[in-house]
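**Student:** Quick one: the structure is below, and I'll ask about it shortly.
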Amino acid sequence: MAKHAVERRLAAILAADMVGYSRLMGNDEAGTLAALRKLRTDQIDPWITEHRGRVFKTTGDGLLVEFPSVVNAVACAVEIQRGMATRNAALPADRVIQFRMGVNLGDVIIEGDDVFGDGVNVAARLEGIAPSGGIAVSGTVRDHLGNRLDLEFEDMGEKVLKNIGDTVRVFRVLRRPLQYDHPPSREREALPLPSKPSIAVLPFTNMSSDAEHEHFADGLTEDLITDLSRNADLFVIARHSTFAYKGKSLDVRQVASDLGVRYVLEGSARRAGNRVRINVQLIDAIGGGHLWAERFDRDLQDIFAVQDEVTARISEALVGQLTRQIQRNRPKSMEAYDLCVQARKLNEYSPQTAREARLLLKRAIELDPSYAESRRLLAENIWLGWAHFGESMEPNRQLAMETAEQALALDVNDAASHWMLGHVLGYERRWKESDAAFAAALKIDPNLADAWADLSDFSVLAGRTAEGLEQVSKGLRLNPHPPVWYYLLLGQAQYAARDYGAAVRTLRKEETYRTMSRRFLAASLAQLGLLEEARHEANLFLSGNPQFTISYWVAAQPLRDDATRDHFVTGFRLAGLPE
C-alpha cells in the first residue's frame with residue numbers, strides 16, 4: 001500500500017461538538033440521528049462549503065474542519081451558531097440542539113485526508129470549554145482576525161488545557177452590542193403605539209469624505225435623542241435600538257412598526273473643516289408624508305445651537321408647541337466632544353475596550369475640565385472596572401463616587417449624571433440619596449431607558465420584585481433592542497419572582513448568553529432541579545470570573561432585603577458556586 005506524503009503547514013481548525021448528545025440519544029436515538037443528518041445536509045455542510053472549509057474527521061456528535069484562513073473559520077462558526085439559534089427559537093426545549101465550537105490557528109500535519117497535531121488538539125480543547133451555542137478561539141486567532149469581522153470578543157484569560165503543554169489565551173466570540181447581523185425580525189410581535197407622540201431618531205448618515213467623521217454623525221444622532229427624550233410629552237426610543245439600523249437600507253414604515261412608534265427622524269451630516277451641513281426630515285410613518293424638513297449650513301461651533309433648534313422644531317411639529325428646555329452642559333472643545341462620543345461606544349464592551357475608553361475620557365477632561373459628560377462616562381467606566389471587570393474595589397469604589405459627584409456638580413440639568421450618581425450611591429448603600437437621584441433623573445428625562453432598567457436592579461434587591469419587573473419592562477419598551485445587561489436584569493428579576501423557567505429562557509437568549517448572565521442562569525437551573533446543567537453553567541461563569549465568591553457578591557451588591565439575599569445565595573450554592 002502506497003504511503004501518503006506528509007505535509008506540515010499552518011492551518012485554521014474548527015472543532016464542533018453537540019451539547020448533551022448522550023442525553024438526547026437516550027431520549028430518542030432515531031430522532032436525534034435524523035435531526036443531526038438533516039442539520040448537516042441543510043445547514044452545517046452548506047456553510048462549511050461556502051467558507052471553503054473541508055471536514056476531515058467526524059464522530060457521532062462532532063466534526064473537525066480545516067479552513068484556509070481564520071477569517072473563513074470564525075465566519076463559518078458564527079453563521080452556523082446564528083442559524084442554530086434561529087432554528088432552536090421555534091422548538092420546544094426537549095428538541096433543542098446546540099453545539100460548542102473551538103477555533104485555533106496552529107501547526108498541523110497533513111497525511112492524506114487526515115489532519116492532526118497540536119493545532120487540531122488545541123481547537124478540540126477550546127471546543128470543550130466553549131459555552132453551549134458559543135465559540136471559543138485562541139489568542140492567535142484573535143490576533144490574526146483584528147477587526148476584519150463585525151464581532152466582539154470576551155477575554156477569558158490564560159487557560160490550562162488538557163494535554164496541552166503551554167497555557168493558551170482564550171477569547172469567547174460575541175457580537176458587537178451595537179450591531180445586528182440582520183434588521184430586527186419582522187416576525188416580532190407588533191408593539192402597541194404609546195398614547196404620546198412617539199418617535200425614533202435613526203443614525204445620521206455621514207456624508208463627509210473623511211470616515212473619521214463617522215463618530216461626529218453618531219454623536220449628533222445621540223444628542224438629538226437625549227434632548228428629545230427630556231420632553232415628557234414625547235415617547236422617544238433609546239439610541240441603542242435605533243442604532244440597530246445603522247448602515248442599513250430600510251423602509252421607515254417597517255422601522256416604525258418594529259420599534260412601535262409613529263414618527264421617524266432621518267438625517268445626514270457633512271463636516272468639512274470648520275463648516276457643517278445637516279439635513280433632517282421628520283416622517284409620519286403611518287399617515288405618510290413629511291411633516292418637516294430642513295437644511296442647516298453652519299460653523300462647526302454652532303452645532304449645539306442647531307441641535308437645540310432641531311429639537312424645538314420636532315417638539316413643535318409633534319406636540320404643537322415650540323419648546324425651549326433648560327439646556328444641558330455643552331462642551332467648549334470639539335475635540336473633547338469627539339473623544340466622548342467615541343468613548344460612549346467602548347465603555348461597556350469588555351475590559352479591553354473599557355480601558356481604551358478610560359484613556360479617551362481622561363484626555364477629554366484635560367481638554368475641557370468643565371464638560372460634565374466626560375466625567376459621568378468616566379464614573380461609569382471606573383464602576384464597571386471594579387464591579388465587573390476584575391479591578392480592585394478600593395480605591396476605585398470611592399473614585400467612582402467622587403467622579404459621579406463631580407459630573408453632577410458641573411451639570412445639574414443632565415439626567416444621565418443624576419442617574420449615574422444614583423447608581424453608585426446605591427452601591428454605597430446610601431439608599432435615600434440614591435432613590436432621590438434616580439427620581440431626579442427620571443423627572444428630567446422620563447424616557448431615559450437605561451435609568452428605568454437600572455432602577456429595576458435596586459428594586460429587586462430591595463425585595464420589591466413586582467416593581468422591578470415593571471421598571472425593566474418599561475426600559476425594554478423604550479429600548480426594544482437593548483444592550484445585554486437589560487436582559488440580565490430581567491432574568492435576575494424573574495429569578496427573584498421565582499419564575500425560573502422564564503429566567504432560563506431570558507438568560508439563554510443568543511444576545512444575553514455571556515459570562516455575567518451565567519451566575520443567574522446557573523441559579524435558575526439549580527432551582528428547577530437541573531443540577532448537572534446548573535453546575536456546567538456555573539463552571540463556565542467561573543472560567544471568566546475566577547475571583548467570584550458568593551460572599552464577595554453579597555458584600556458588593558446593593559442588597560437591602562434579607563429574604564431576597566438568601567434566595568439568591570441558595571441558588572448560587574445549589575449551582576456549586578464557591579462560598
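The values are calculated or read from the model by the stated rules, or taken from the named source; none is laboratory data. Given the structure is predicted, the values throughout are model-derived calculations rather than measurements. We place every Cβ from the backbone using ideal geometry, glycine too, and count neighbours over all the protein chains shown. Ligands, DNA and RNA are stripped out before the accessible areas are found, and what is left, the full protein with its side chains, is counted by its heavy atoms. Shrake-Rupley method; radii C 1.70, N 1.55, O 1.52, S 1.80 Å.
**Student:** Select from Asn88, Ala522, Ser333 the residue farthest towards the positive end of the dipole of the chain; place +1 on Cβ of Lys and Arg, -1 on Cβ of Asp and Glu, and compute about the Cα centre.
**Tutor:** My answer, from the dipole projection, is Asn88.
**Student:** Excluding Trp292 itself, what net charge comes from residues whose Cβ is under 15 Å from its Cβ, given Lys and Arg +1 and Asp and Glu -1?
**Tutor:** Local charge sum for Trp292: -2.
**Student:** Could I have the simple spin-label model distance between Leu149 and Glu532, label points 7 Å from Cα toward Cβ, reported in nm to one decimal?
**Tutor:** 3.1 nm
**Student:** Relative to the longest principal axis of the C-alpha atoms of the chain, give the angle of the C-alpha long axis of helix 465-478, reported between 0 and 90° and rounded to the nearest 10°.
**Tutor:** 80 degrees
**Student:** While we're on this one: Quick check on the chain: take the gyration tensor over C-alpha atoms, sort the square-rooted eigenvalues as a ≥ b ≥ c, and tell me if it's rounded (a/c under 1.5), prolate or oblate.
**Tutor:** Note, shape of the chain comes out prolate.
**Student:** Same structure, new question: If we sort 137-143, 354-360, 192-198, 12-18 on the protection proxy, mean other Cβ atoms within 10 Å, highest first, what's the order?
**Tutor:** My ranking of the peptides, most packed first, is 12-18, 137-143, 354-360, 192-198.
**Student:** Given contacts defined as C-alpha pairs under 8 Å and at least six residues apart, what's the relative contact order of the chain, whole-number percent?
**Tutor:** Contact order relative to length: 8 percent.
**Student:** How large is ³J(HN,Hα), in whole Hz, for each residue of the stretch 215-229 in order, when computed from phi with the Karplus curve 6.51 cos²θ - 1.76 cosθ + 1.60 and θ = phi - 60°, using x for Gly and Pro?
**Tutor:** Along the stretch 215-229, the couplings run 5, 5, 5, 5, x, 4, 4, 4, 5, 5, 4, 4, 5, 5, 5 Hz.
**Student:** Express in whole angstrom the spacing between the alpha-carbon centres of the stretch 247-291 and the stretch 419-471.
**Tutor:** The stretch 247-291 and the stretch 419-471 have Cα centres spaced 32 Å from each other.
**Student:** In a shell of Cβ-Cβ distance under 12 Å around Val141, excluding Val141 itself, what net charge do Lys and Arg (+1) and Asp and Glu (-1) give?
**Tutor:** Overall, the nearby charge balance is +3.
**Student:** Okay, moving on. Report ³J(HN,Hα) in whole Hz for each residue of the stretch 193-207, in order, from the Karplus equation J = 6.51 cos²θ - 1.76 cosθ + 1.60 where θ = phi - 60°; Gly and Pro get x.
**Tutor:** Values per residue, Gly and Pro as x: 5, x, 6, 8, x, 10, 9, 10, 9, 6, x, 5, 7, 7, 9 Hz.
**Student:** With a ≥ b ≥ c the root eigenvalues of the C-alpha gyration tensor of the stretch 431-516, is it rounded (a/c under 1.5), prolate (a/b larger than b/c) or oblate?
**Tutor:** Taking the square roots of the gyration eigenvalues as a ≥ b ≥ c, the stretch 431-516 is oblate.
**Student:** State the percentage of accessible surface on the chain attributable to carbon and sulfur atoms; use a 1.4 Å probe and exclude ligands, DNA and RNA.
**Tutor:** Exposed carbon and sulfur together represent 50 percent of the surface.
**Student:** Given the -39500 (n - 2.57) contribution per DSSP H run of 4+ residues, what per-residue ellipticity at 222 nm results for the chain, rounded to the nearest 500 deg cm²/dmol?
**Tutor:** Taking each H run of at least 4 residues, the total per residue is -15500 deg cm²/dmol.
**Student:** Using only Cα atoms, find the angle between the long axis of helix 484-496 and the longest principal axis of the chain, and express it within 0 to 90 degrees, rounded to the nearest 10.
**Tutor:** 80 degrees
**Student:** How do the peptides 71-79, 285-293 rank, highest first, by the average count of neighbouring beta carbon atoms within 10 Å per residue?
**Tutor:** Top to bottom by mean Cβ count within 10 Å: 71-79, 285-293.
**Student:** Here's something else I'd like to know. For an R0 of 41 angstrom, estimate the FRET efficiency from the Cβ-Cβ distance between Arg429 and Arg9 and round to the nearest 0.05.
**Tutor:** It comes to 0.10.
**Student:** Of the cross-linked pairs Lys38/Lys474; Lys248/Lys332; Lys246/Lys474; Lys196/Lys246; Lys246/Lys332, which ones have a Cα-Cα span greater than 30 Å in the structure shown?
**Tutor:** Violating the 30 Å limit, Cα to Cα: Lys38/Lys474; Lys248/Lys332.
**Student:** Exactly which trypsin sites (Lys or Arg not before Pro) in the stretch 223-309 are in a DSSP loop and have at most 15 other Cβ atoms within 10 Å?
**Tutor:** In loop regions of the stretch 223-309 (DSSP not H, G, I, E or B), the sparsely surrounded trypsin sites (Lys or Arg not before Pro) are Lys248.
**Student:** Still on this model: Between Arg277 and Val319, what is the label-to-label distance in nm when each label sits 7 Å out along the Cα-to-Cβ direction?
**Tutor:** 3.2 nm
**Student:** Loop-only trypsin sites (Lys or Arg not before Pro) in the stretch 479-579, please: DSSP not H, G, I, E or B, and at most 16 other Cβ atoms within 10 Å.
**Tutor:** The qualifying sites are Arg498, Lys509, Arg560.
**Student:** To continue, here is another question. Round to the nearest 0.05 the FRET efficiency obtained for Ala439 and Glu50 when R0 = 45 Å and r is the Cβ-Cβ distance.
**Tutor:** So, using R0 = 45 Å, E works out to roughly 0.25.
**Student:** Per residue, how large is the accessible surface of the chain? Use a 1.4 angstrom probe and give square angstrom.
**Tutor:** 43 Å²
**Student:** Looking at the P(r) of the stretch 45-135, how many percent of alpha-carbon pairs lie beyond 16 Å?
**Tutor:** Value for the stretch 45-135 (Cα pairs over 16 Å): 56 percent.
**Student:** To test your reading of the geometry: what angle, between 0 and 90 degrees and rounded to tens, separates the Cα axis of helix 531-544 from the longest principal axis of the chain?
**Tutor:** The angle comes out at about 70 degrees.
**Student:** Let me ask you something else. Give, rounded to the nearest 20 debye, the magnitude of the charge dipole that the chain has about its Cα centre when Lys and Arg contribute +1 at Cβ and Asp and Glu contribute -1 at Cβ.
**Tutor:** Value, rounded to 20: 480 debye.
**Student:** Could you compute the FRET efficiency for Thr59 and Met207, with r as their C-beta to C-beta distance and R0 at 60 Å, rounded to 0.05?
**Tutor:** Approximately 0.65, to the nearest 0.05.
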